[in-house]
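The values are calculated or read from the model by the stated rules, or taken from the named source; none is laboratory data. The shown structure was predicted, so the numbers you read here are calculated from the model rather than taken from an experiment. When we count neighbours, we look across all protein chains shown, and the Cβ atoms used for this are built from the backbone with ideal geometry, even at glycine. We work out accessible area using only protein heavy atoms, side chains counted, and drop any ligands, DNA or RNA first. Shrake-Rupley method; radii C 1.70, N 1.55, O 1.52, S 1.80 Å.
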Amino acid sequence: LVEGTSYYFVVRAYVGTAESDDSNEVNHISEAAQSTTYTISTNAGTNGTISPTSATVNAGDSQTFTITPDTGYHVEDVFVDGISAGAVTTYTFSAVDADHSISASFAVDDYTIQASASLGGVISPLGAVSVSYGGSQSFTITPDTGYHVEDVLADGISAGAVTTYTFSAVDADHTISASFAVDTITIQASA
């Protein structure tokens, strides 16, 4: 039967060659099949988004969501119907047959500043120093007695013979190294 078309029916009964009169007429309209839809709700934590922000999906269809962290952040976890899907950046609901939910949490990126010093002094803090995105980290360079700061290299570029150095608005890994030289003393002799 074609959707939206009216059909009329009558019935006759036969017994041998005997035929009854027509029955009352019955009218039937074939209606379009009803489409079932489901809702997928989203909840993005701070520092990121889920796109689209929600979706209405026909039964059996698929829907893909994109999870995007803000600059300086990363996807920490994605939960689908309350179950962790891991730190994914896309998720697809396939053959949808129920309402669903998707939520995401985001965490700030951390960077490492590797600090080192030669003999003759110290840099503080020393070693691998963790700094969050946008943060700052200061270093103090102190020569031992009888030594002086010869040079400080920040990411391989000379900053001079400084005794302090600060990385500001950190958005990448960095290195800092301090070198020291022994002090020389002049003895002026005269006769």
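(1) open to solvent by 70 Å² or more (accessible area, probe 1.4 Å); (2) at positive phi: which one isn't true of Gly72, the others all being true?
Gly72 satisfies all of (1) open to solvent by 70 Å² or more (accessible area, probe 1.4 Å); (2) at positive phi except (1).
List the number of the failed condition for Asp99; all other conditions in (1) under 30 Å from Ala128 (Cβ atoms); (2) exposed (fewer than 14 other Cβ atoms within 10 Å of the Cβ) hold.
(1)
If you check Gly60, Gly134, which single one turns out to be touching a residue at least 60 places away in the same chain (Cβ under 8 Å) and outside any strand (DSSP E or B)?
Numbers: Gly60 fails: touching a residue at least 60 places away in the same chain (Cβ under 8 Å).
Unique residue meeting the criteria: Gly134.
Could you please give the count of residues in segment 152-178 that are more than 29 Å from Gly72 (Cα to Cα) and either open to solvent by 40 Å² or more (accessible area, probe 1.4 Å) or modelled with pLDDT under 95 (or both)? Spell out how you get there, then give the answer.
Of all residues in segment 152-178, those more than 29 Å from Gly72 (Cα to Cα) come to 160-163.
Now drop any that are not either open to solvent by 40 Å² or more (accessible area, probe 1.4 Å) or modelled with pLDDT under 95 (or both), which leaves 161-163.
Matching residues across segment 152-178 total 3.
Just one of the numbered conditions (1) in contact (Cβ under 8 Å) with a residue 60 or more places away in the chain; (2) open to solvent by 70 Å² or more (accessible area, probe 1.4 Å); (3) within 14 Å of Val170 (Cα to Cα) is not true of Leu119; which one?
Of (1) in contact (Cβ under 8 Å) with a residue 60 or more places away in the chain; (2) open to solvent by 70 Å² or more (accessible area, probe 1.4 Å); (3) within 14 Å of Val170 (Cα to Cα), only one is false for Leu119: (3).
Would you say Ser118 is touching a Phe, Trp or Tyr at 6+ places or on another chain (Cβ under 6 Å) and of a type in the set (S, T, N, Q)?
On the way: touching a Phe, Trp or Tyr at 6+ places or on another chain (Cβ under 6 Å): yes; of a type in the set (S, T, N, Q): yes.
Spelling it out, Ser118 is indeed touching a Phe, Trp or Tyr at 6+ places or on another chain (Cβ under 6 Å) and of a type in the set (S, T, N, Q).
Among the listed residues Ala98, Ala85, identify the single one that is part of a strand (DSSP E or B) and of a type in the set (A, V, I, L, M).
Working: Ala98 fails: part of a strand (DSSP E or B).
Being part of a strand (DSSP E or B) and of a type in the set (A, V, I, L, M) holds for just one of Ala98, Ala85, which is Ala85.
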